[in-house]
1. Run through the DSSP bridge list for the chain and note the antiparallel percent, rounded to the nearest 5.
2. For the stretch 78-84, what does the Karplus curve 6.51 cos²θ - 1.76 cosθ + 1.60, with θ = phi - 60°, yield as ³J(HN,Hα) per residue in whole Hz, taken in order and with x for Gly and Pro?
3. Mind listing the long-range amide H neighbours of residue 153? Cut-off is under 5 Å, sequence gap 5 or more, other chains count too, H placed in the peptide plane at 1.01 Å from N.
4. Just from its helices, what would the mean residue ellipticity at 222 nm be for the chain, if runs of 4 or more DSSP H residues each count -39500 (n - 2.57) and the sum is divided by every residue, rounded to the nearest 500 deg cm²/dmol?
5. Which angle from 0 to 90°, rounded to the nearest 10, does the C-alpha axis of helix 16-32 make with the longest principal axis of the chain?
6. Rounded, prolate or oblate, given the Cα gyration tensor of the chain, with a/c below 1.5 counting as rounded?
7. Sequence gap at least 6, Cα distance under 8 Å: using those rules, report the relative contact order of the stretch 74-150 to the nearest whole percent.
8. Rounded to the nearest 5, what % of the DSSP beta bridges within the stretch 101-237 are antiparallel ones?
Amino acid sequence: MTALVSLPMYNLPEMRAANGRFWEALRGLLIEAGLQNVPEKLSFERGPVPQRLEAELLFSQTCGYPLETVFKGQAIRLGAPLYDVPGCTMSQQGPTHRAFFLVRADSPVQTLADLKGTVFLLNSPVSNSGMNLPRRALAGIVGSNRFFSRVVETGGHPASLDCLIQGSGDVASIDCVTYAFWKHHRPEAAAQVRILAQTPVSPAIPFVTSATTPPATVDLLRRALRAVASEPRYARVRTDLKIAGIADVPDAAYAGLLDYEREAAALGYPMLV
């Protein structure tokens, strides 16, 4: 069985070289430690939310909410990166991030309540930053009523941003790290949108391996990640991907994402509609 490696969460085409260097650094350490049959290249075709997490998955990064729902029991977390971008912090439980509600720069909307009746652009119905976090942020406003006129599924955060600029929708909830990379690589496009509000905080998106990965390999992956996160020779690798560090986040922090789900339901807003 051929091992699979991918970095699908922050994977703009402009970032392929930087993601490739990250994997090259990690791969070199794994080979030095004696791991065999380590894939040479990342898979750039794999989407951020596949139907399942593959048994042959050696290394990837996966959104925390589906890890607690549709991917439950399919992966082992290896550590979470702290990104040096607005919206990310280091909490007592480890690295965090959040999402931003984005609207077009010329939108008349000034508050979340003003979004009533607009079209929401959704990257995935199982996304934490695109669905779970904004659902919780809106629940106290919406009550038990339908809020948006339509929810349009786009397939990904970059696609949601494109649709927002094109006028196919009025608002999207975008992971703050995605937004930072998009703003860095596509400043002209980013000038056409603005941040309206932010969502509650969430544990950062973790690096993962398949639940079937042998414990010894899991240990090698964790040690290699910590080396890439701390050793001076990998400074450029970290800088290119805005990684300030990698740390463990307790299981309870990710399980807390289901608290947001329950709280939204208790407020009468179980679905983002």
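Where a number appears in this text, it was derived from the coordinates with a stated rule and is not lab data. Because the structure is a prediction, the values reported are computed rather than measured. Cβ: placed from backbone, ideal geometry, glycine included. Neighbour counts: every protein chain shown.
1. On the way: 24 of 32 bridges.
Approximately 75 percent, going by the DSSP bridge assignments.
2. 9, x, 10, x, 9, 9, 8
3. 122
4. Details: 10 runs with 93 residues, N = 273.
So the calculated ellipticity at 222 nm is -9500 deg cm²/dmol.
5. Once rounded, the angle reads 30 degrees.
6. Values: a/c = 2.05, a/b = 1.62, b/c = 1.26.
The shape class here is prolate.
7. Values: 56 pairs, mean separation 19.1, N = 77.
Relative contact order, the stretch 74-150: 25 percent.
8. Values: 6 of 12 bridges.
Roughly 50 percent of the beta bridges in the stretch 101-237 run antiparallel, per DSSP.
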